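So the structure is just underneath, and the comments pick up after that.
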Amino acid sequence: MLMSRFITLLMMFFIVFSAFAEPKTNITGTVEWDTMLIRAEVSLDLASAGLRLPAGRSQGESYLNESYLRLIRPGILNLQADSSSTLADLVARGEFSLSEIETLALRANSVPPALSPDMRFMSSSWTIPVSGISSALMRHNRPSPIIRTLNPVSAAQFTGIVIIASENLPVHGMRSTALPVPCLFPKIWDSDMNLIYERSMLETRDIPVVRYSPPQGIFQNNPSGLSPELREIVGDRPLRIFATGVFGIKPTDLIIHRNDAMLIISSEENRRLLSQGRVAIILDESVLRYNFSGE
């Protein structure tokens, strides 16, 4: 008798618990540095939410929207801001806030929810421009001056700057090599470790510091050899430079030869390419995209 009562109470507990259990939602996404986008899809298990269609559709859509903010947050926080910090590090130091993260997430472009073929799941997709995140982190009101030289060299007038860094490079100050990786705010140094370029040199906050591309972006079948995306940033006659090394806790910052740096800083026109963000970095395709997921 006692045992039957215990079983009855146990069953009632599970019934009540399941009624108040959180609906099962999960997120899968991709950070695409070459397109400067974060793509994410949030999926809801309709049975776990106790929903039946068509009556439960609007409630399912509400669950998806509520879950999106919670689930996308880690994907944004894990973005590499610079060579030493992720966005999560900036939040921990008080340089950025979770409310700002949520504001950026809410500005995403979304696709109306759709049902899976077996009608068990409802999912919706969001796309967040990475450029919007970098703009939100820009704090300067006027651009910092770009380094000049007392002994300028003769240099052509270029339409942009392309730095090729798609292979393992020596790490400055260490006896090792590393494959360069992307971040929001990479820096560029010359071989004498003079700072040539960083985010505070931009004239406006509304453009990325650099654009990233895989190697095929500079081997296209056209006169410039550049993909349409790169041509939009660096034009038809960019200065092409091979990086000679990397610098930083993470290998995000590039080192170029002093002679190549002189071609940039020797004229006002070429220095302006930096202040206008007309810089592209060519990286190995393997580092330009990565996936994330969560529940």
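The values are calculated or read from the model by the stated rules, or taken from the named source; none is laboratory data. What you see is a predicted model; the values in this text were computed from it and never measured. Neighbour counts run over all protein chains shown; Cβ positions are idealised from the backbone, glycine included.
Considering region 204-222 alone, what residues qualify as being surrounded by 14 or more Cβ atoms within 10 Å (Cβ to Cβ) and not aliphatic (A, V, I, L, M)?
Quick first cut of region 204-222, residues surrounded by 14 or more Cβ atoms within 10 Å (Cβ to Cβ) only: 205, 207-214, 217-218, 220.
Residues satisfying the conditions are Arg205, Pro208, Arg211, Tyr212, Ser213, Pro214, Gly217, Gln220.
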Taking region 156-172, which residues are surrounded by fewer than 20 Cβ atoms within 10 Å (Cβ to Cβ) and among the small types (Gly, Ala, Ser)?
Ala156
If I filter region 70-99 down to residues being exposed (fewer than 15 other Cβ atoms within 10 Å of the Cβ) and not in a helix (DSSP H, G or I), which single residue comes out as nearest to the chain's Cα centre (by Cα)?
Asn78
Taking into account only those residues within region 165-201 that are more than 14 Å from Phe247 (Cβ to Cβ) and not aliphatic (A, V, I, L, M), which is modelled with the lowest pLDDT?
Arg175
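Here's the yes/no breakdown for (1) of a type in the set (A, V, I, L, M); (2) under 20 Å from Ser293 (Cβ atoms); (3) at pLDDT 85 or above; (4) assigned to a strand (DSSP E or B):
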{"residue": "Thr28", "(1), (2), (3), (4)": "no, yes, yes, yes"}
{"residue": "Asp34", "(1), (2), (3), (4)": "no, no, yes, no"}
{"residue": "Ile38", "(1), (2), (3), (4)": "yes, yes, yes, yes"}
{"residue": "Ala47", "(1), (2), (3), (4)": "yes, no, no, no"}
{"residue": "Gly50", "(1), (2), (3), (4)": "no, no, no, no"}
{"residue": "Ala55", "(1), (2), (3), (4)": "yes, no, no, no"}
{"residue": "Glu61", "(1), (2), (3), (4)": "no, no, no, no"}
{"residue": "Asn65", "(1), (2), (3), (4)": "no, yes, no, no"}
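Here's the yes/no breakdown for (1) within 30 Å of Ile27 (Cβ to Cβ); (2) small (Gly, Ala, Ser); (3) modelled with pLDDT of 95 or more:
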residue: Ile233; (1), (2), (3): no, no, yes
residue: Lys250; (1), (2), (3): yes, no, yes
residue: Leu254; (1), (2), (3): no, no, yes
residue: Gln276; (1), (2), (3): no, no, yes
residue: Ile281; (1), (2), (3): yes, no, yes
residue: Ser286; (1), (2), (3): yes, yes, yes
residue: Gly294; (1), (2), (3): yes, yes, no
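Being loosely packed, with under 13 Cβ neighbours inside 10 Å and over 26 Å from Arg73 (Cβ atoms) narrows it down to one of Val111, Val153, so name that one. Let's see the steps before the verdict.
Numbers: Val111 fails: over 26 Å from Arg73 (Cβ atoms).
Every option except Val153 fails the conditions.
Of all the residues that make up region 237-266, how many are assigned to a loop (DSSP other than H, G, I, E, B) and under 26 Å from the mean Cα position of the chain (by Cα)? So that I can check it myself, show each step before the final result.
Narrowing region 237-266 to residues assigned to a loop (DSSP other than H, G, I, E, B): 237-238, 243-244, 248-252, 257, 266.
From what's left, under 26 Å from the mean Cα position of the chain (by Cα): 238, 243-244, 248-252.
So the count comes out to 8.
Could you tell me whether any residue of region 177-193 is assigned by TED's automatic domain parsing to the domain that holds Gly248, surrounded by 14 or more Cβ atoms within 10 Å (Cβ to Cβ), among the small types (Gly, Ala, Ser) and in a strand (DSSP E or B)? First the steps, then the outcome.
Step one: of region 177-193, the residues assigned by TED's automatic domain parsing to the domain that holds Gly248 are 177-193.
Cutting the leftovers down to surrounded by 14 or more Cβ atoms within 10 Å (Cβ to Cβ) gives us 178-191.
From what's left, among the small types (Gly, Ala, Ser): 178, 191.
Then drop every residue that is not in a strand (DSSP E or B), which leaves 178.
Taking every residue of region 177-193 in turn, at least one turns out to be assigned by TED's automatic domain parsing to the domain that holds Gly248, surrounded by 14 or more Cβ atoms within 10 Å (Cβ to Cβ), among the small types (Gly, Ala, Ser) and in a strand (DSSP E or B).
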Find the residue count for region 197-236, including only residues that are assigned to a loop (DSSP other than H, G, I, E, B) and of a type in the set (Gly, Ala, Ser).
4
Could you list, ordered by first residue, the pairs with Cβ atoms under 8 Å in which the first is in region 226-255 and free of Cβ contacts under 8 Å to residues at least 12 places away in the same chain and not assigned by TED's automatic domain parsing to the domain that holds Val209 and the second is in a strand (DSSP E or B) and crowded, with 23+ Cβ neighbours inside 10 Å, at least 6 apart or interchain?
none
Does any residue of region 123-140 turn out to be part of a strand (DSSP E or B) and within 20 Å of Glu269 (Cα to Cα)?
no
Report every pair of residues separated by at least 6 positions or lying on different chains whose Cβ atoms are under 6 Å apart, first residue within region 167-183 and in contact (Cβ under 8 Å) with a residue 24 or more places away in the chain and closer than 15 Å to Tyr212 by Cβ, second aromatic (Phe, Trp, Tyr) and in a loop (DSSP other than H, G, I, E, B).
Pro182/Trp33
